[in-house]
Amino acid sequence: MSILGAMGREVVDLYEQALRRLPESCSLALRLKAAGVADAVVCEYLHIDPEGLGMFLHVAAAKLAAELHPLAYVPAASPTGS
């Protein structure tokens, strides 16, 4: 296996591990969309209103990003007032 092939496999493994750490509904929604499942089917399966699917996927993707980059999130500093 080439070094690029090994690195690619490692990235896939890290992605899969991050998906497994998500809440089940978030993980499943992202997996179904990545597999090309129609929005209506995803909504029916997860019991989500179609109007809320976009936001649900946005939140799921944000949770995945946080799992993949745990040090990338830096909370905004609170104003000190001084």
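Odds and ends about this structure:
- Whole-number percent relative contact order across segment 24-69, with pairs defined as alpha carbons under 8 Å at least 6 apart: 41
- With θ taken as phi - 60° and the Karplus curve 6.51 cos²θ - 1.76 cosθ + 1.60 applied, the whole-hertz 3J(HN,Hα) list for segment 47-54 is 6, 10, 5, x, 5, x, 4, x Hz, x standing for glycine and proline.
Bear in mind these aren't lab numbers, they're just calculated from the coordinates by the rules spelled out. Quick caveat: nothing in here was measured; it's all calculated off a predicted structure.
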